[in-house]
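The values are calculated or read from the model by the stated rules, or taken from the named source; none is laboratory data. Everything numeric in this text was worked out from a predicted model, so none of it was measured. A quick note on method: Cβ atoms are made from the backbone with ideal geometry, for glycine too, and the neighbour counts reach across all protein chains shown.
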Amino acid sequence: MFVGRKAELARVRQVCRTGGALVVRGEAGIGKTALITAATEGLPVVRISGVEAELSPAYAGLHALVAQLPGPVPAAVAIAVGLRDGTTTDLATGTAVLRMVDGRTVVVDDAHHLDPASLTVLLFAARRLVSGAMIFAVRDAGPSGLPELHLTGLPDEDARKLRGPSASDALLAACAGNPLALLEADVEHLLPVNGTVPLADRLQAAFSARVAGLPVATQEALLDVAAGESRFVPALVPAERAGLVVVDGGVRFRHPLVRSAVYWGSPLDRRRAAHARLDGPWHRALAADGPDESLAKRLEHEAERLTDRGGVAAVAAILRRAAALSEDAQARTRRLAGAAYAAWKSGRPGVARDLLGETKGRPADEPTRRLLARLSGMVELYSGDQVTAFHRLVRAARRMPPDEAASTLFAAGDAAIHAGLPMDWLTDGVDALDCDPGFARLARLFVRAAGGRLDVPPGQVFDTLPRTAAASPAHRWVLPMALTWLGGDPAEAREFCMQACEAMREQGMLTIYAAVLPWLAELEFRLGHLAEAQARAEEGLQLAGDFGQHARIPDFEAILALVAAVRGDDDACRGHARSAVAAAAATGNRYAAATATWALGILALGRRDHARAADLLATLSVPGALTAHDLVARAAAYDIREAAGGVSVLSDGVVGGGGALVSSAVVAGGSGAPVPSAGAADGPGPLLPFHHARAVLAEGERLRRERHVADARARLRTALEWFERLGARRWAERAGVELAAAGGTPAAAGALTAQQAQIARLAGEGLSNKEIAARLFLSPRTVGYHLHNVFARLGVSARHQLRDLDFAADRSP
């Protein structure tokens, strides 16, 4: 019987109807499964459940999903679940799972108990659904980063309906509205009213008492089921009659708390005996009652196989158990180090830190010591404090072979940039190493790039990498990206970064891909590709959450704040900036905090609040401030000058100050069309397109004040076109007002960029924003933004009005 929860029921039904993902969160027995079952009644639902286990087979949950879906199994999934031989990556598997579940309703009960490899790919798919719904039921710990519905206890009125009118007030208080507690007829004496024992523990104790009253053979059979057995045997009949298990082709527990009561309520020797009766390396590992080197080696081999199958998320648990079974102390530490590396690579930095802690004080061979030292710094670089990461990586480099030490110092350089530390140490550090001379050259380029003085194209950097760096799938892309993102020609850098990111995605290097995506997003912002920058930043924000890269989250929030600032979206800019600064403070990411502050300064300038802008931008150069950063201050030089007193025309001083990061090969608006020239301010110059448009606007305003109206109109019309291409709404309005005051009119209304025309055409064909986003590799939010502008330009108010319009020709102004 389902009672109450009308609002919650409507929420789940809406998700099933409109599509998307939802996490239903609440304590054990609170009614998550009952709610989802009631909401999906009558719908074709694919349902799987996580099973609490000390060590789960990798992709067990995905295997259960595959078994319920019709049609051929994609190659990546077949390899992952062991149906065929081969190698794959978690990215390929997640993408294949997305295709499999799209358009369906998938329910994952007890997702917090799902094996890590399955959970990783299912969450990847859930966050990218175009149609269909995925609903995860979890307790207090479990999946995050998705919309959530929190369930609390039923009110007394509904609780009494569920329990019956004779329920005492004391019982209702003890059950706290928990439906499972209310439905257990024999637990009243086990539920103390004082509430000092958690309700889940009291329920588990109640089930344990019920299990203890069953025949010994039934208890043993129940323990086998709790350990992983799925076959029904006659000894389970009493348990079925007692309502502890459900028989439906196989056998399963009525509730996860029953399984917990059976498994964890049994002595260790009985649990080991149950695993010994079952087959598979996991069960043998759990059945072992002491060190077993041969079994440890077998688990280590299984971990290698799982890595090839894209199951790196499960490797940490397997290697941790292998470490516990190790007979040799150094082998134990080596396996713990491997487990920590797998945890970090699969996006669980907290688990990696715990495993690193387990290695403290243990004997280890030198390669393992080097791995632990570097890994400690890398975990901190992506997920913790940037100053700490810098010092750990510098220390780690001291114990490494020369070439490996040089690569580690470059990682320390990344931490230094985010922390706002000086970079002059890098050349001395690399010069002191007896490493490939190419690393010394890279170090000098790195320092020049950090100073905005790089003049070497990314392809040349890529072609002349030191041999050991070129041999690394990650370093061969990351090092040239790091150099060219910081300095040089942003148009060339963007093309190279796009190629590098595509290679990383294809090779399944999602952890590294997520870490370098801020560089590409920022380059696209500098070049005026605001829609693309926003889409990259939104994707990166999602991936950073997926992989626990807490130190990169403020980078993406800051870029989103910049995009919103240029567009004049006050609420979005301030919201992203607040999030960026808060996350930056927690991780020592001064670069992100400074970038977010720059965005707020741009927003204030757009509102003509020069005093506010000056106060904000001044903090970019205050020694010791969280928002102080030389790189950002140099990029914001144009805005700092305008805030201080206004800039009317481009000058060598402005170019030299704010333009060092941007080249003359700039296009605006993402359409590929060159920025129009503007007489005395011909060509975009080495400034951001947005800044150059503002300079042209300022010159047009000056010319109008000096009554050179013809020249003023030309400047103002050009500035207006640039602002419209960029989507800089507030600045476009200002240019339009000035143009009208000069007696001019805007370009023909209805002119669309190539991307706007493409989106308008697809919308006219009936595609939803989600479907358009999936087809064009954009975010639904970006599509919505473009459609808003399309409607305004074309003078239409509904999608169906787009059907009869011709978008075949290039309608760019």
If you scan the range 550-587, which residues turn out to be farther than 26 Å from residue 606 by Cα and surrounded by fewer than 22 Cβ atoms within 10 Å (Cβ to Cβ)?
-> 550, 585, 586
For residue 410, all conditions in the list (1) modelled with pLDDT under 95; (2) within 28 Å of residue 124 (Cβ to Cβ); (3) crowded, with 20+ Cβ neighbours inside 10 Å hold save one; what is the number of the exception?
-> (2)
Counting only residues that are within 12 Å of the chain's Cα centre (by Cα) and of a type outside the set (Ser, Thr, Tyr), which one in the range 125-146 is modelled with the lowest pLDDT?
-> 145
Where a residue in the range 182-210 is over 16 Å from residue 242 (Cα atoms) and its partner, wherever it lies, is of a type in the set (D, E, K, R) and modelled with pLDDT of 70 or more, with Cβ under 7 Å and at least six apart | 182/163; 190/202; 191/202; 199/27; 200/27
Does the range 450-460 hold any residues that are in a helix (DSSP H, G or I) and buried (at least 23 other Cβ atoms within 10 Å of the Cβ), and which are they?
-> 458
Would you check if residue 173 is out of contact with any Leu (no Cβ under 6 Å at 6 or more places or on another chain) and in contact (Cβ under 8 Å) with a residue 24 or more places away in the chain?
-> no
Filter result for residue 13 (outside any loop (DSSP other than H, G, I, E, B), in the same structural domain as residue 123 (by TED's automatic domain parsing) and either out of contact with any helix residue (DSSP H, G or I) (no Cβ under 6 Å at 6 or more places or on another chain) or at pLDDT below 90 (or both)) = no
Qualifying positions in the range 257-286 - closer than 24 Å to residue 81 by Cα and assigned to a helix (DSSP H, G or I) | 275, 276, 277, 281, 282, 283, 284, 285, 286
Apart from one, (1) touching a residue at least 60 places away in the same chain (Cβ under 8 Å); (2) in contact with a Gly (Cβ under 6 Å, 6 or more places away or on another chain) all hold for residue 106; the odd one out is (2)
How many residues are at pLDDT below 95 and in a helix (DSSP H, G or I) when one looks only at the range 382-393?
-> 2
Counting only residues that are among the small types (Gly, Ala, Ser) and closer than 14 Å to residue 270 by Cα, how many does the range 213-225 have?
-> 2
Which residues, counting only those in the range 323-346, are farther than 25 Å from residue 547 by Cβ and part of a helix (DSSP H, G or I)?
-> 324, 325, 329, 330, 331, 332, 333
Could you tell me whether residue 357 is within 22 Å of residue 547 (Cβ to Cβ) and free of Cβ contacts under 8 Å to residues at least 40 places away in the same chain?
-> yes
Of the numbered conditions (1) in a helix (DSSP H, G or I); (2) more than 29 Å from the chain's Cα centre (by Cα); (3) under 26 Å from residue 380 (Cβ atoms); (4) among the basic types (Lys, Arg), residue 476 fails exactly one; give the number of that condition.
-> (2)
Scanning the range 97-153 residue by residue, those charged (D, E, K, R) and assigned to a helix (DSSP H, G or I) turn out to be 99
Can you find a residue in the range 162-178 that is of a type in the set (A, V, I, L, M), under 14 Å from residue 4 (Cβ atoms) and modelled with pLDDT of 80 or more?
-> yes
Given (1) modelled with pLDDT under 85; (2) out of contact with any helix residue (DSSP H, G or I) (no Cβ under 6 Å at 6 or more places or on another chain); (3) part of a helix (DSSP H, G or I), index of the condition residue 297 fails = (1)
Do we have any residue at all in the range 83-102 that's closer than 30 Å to residue 3 by Cα and buried (at least 24 other Cβ atoms within 10 Å of the Cβ)?
-> no
State yes or no: is residue 515 touching a Ser or Thr at 6+ places or on another chain (Cβ under 8 Å) and crowded, with 24+ Cβ neighbours inside 10 Å?
-> no
Could you please tell me which pairs satisfy a Cβ distance under 7 Å, a separation of 6+ or placement on different chains, a first residue in the range 237-256 that is under 15 Å from residue 219 (Cβ atoms), and a second residue that is of a type in the set (Phe, Trp, Tyr) and surrounded by 21 or more Cβ atoms within 10 Å (Cβ to Cβ)?
-> 244/253; 245/253
Have a look at 524, 532 and point out the one that is closer than 24 Å to residue 759 by Cβ and either out of contact with any Lys or Arg (no Cβ under 8 Å at 6 or more places or on another chain) or assigned by TED's automatic domain parsing to the domain that holds residue 694 (or both).
-> 532
Scanning the range 414-435 for residues that are in a helix (DSSP H, G or I) and within 27 Å of the chain's Cα centre (by Cα), the one nearest to residue 592 (Cα to Cα) turns out to be 418
All but one of (1) at pLDDT below 90; (2) surrounded by 20 or more Cβ atoms within 10 Å (Cβ to Cβ); (3) of a type in the set (D, E, K, R) hold for residue 476, so report the exception by its number.
-> (2)
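Each row is one residue, and each column tells you yes or no for (1) surrounded by fewer than 17 Cβ atoms within 10 Å (Cβ to Cβ); (2) under 28 Å from residue 27 (Cα atoms).
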position	(1), (2)
247	yes, yes
259	no, yes
262	no, yes
275	no, no
279	yes, no
296	no, no
301	yes, no
312	no, no
328	yes, no
For the range 479-511, name all the residues that are out of contact with any Phe, Trp or Tyr (no Cβ under 8 Å at 6 or more places or on another chain) and of a type in the set (A, V, I, L, M).
-> 491, 498, 509
Considering each of 738, 706 in turn, give the residue that is more than 22 Å from residue 689 (Cβ to Cβ) and at pLDDT 80 or above.
-> 706
Restricting the range 347-370 to residues that are buried (at least 20 other Cβ atoms within 10 Å of the Cβ) and outside any loop (DSSP other than H, G, I, E, B), the one nearest to the chain's Cα centre (by Cα) turns out to be 349
Given 7, 39, 28, which one is modelled with pLDDT under 90 and of a type in the set (A, V, I, L, M)?
-> 28
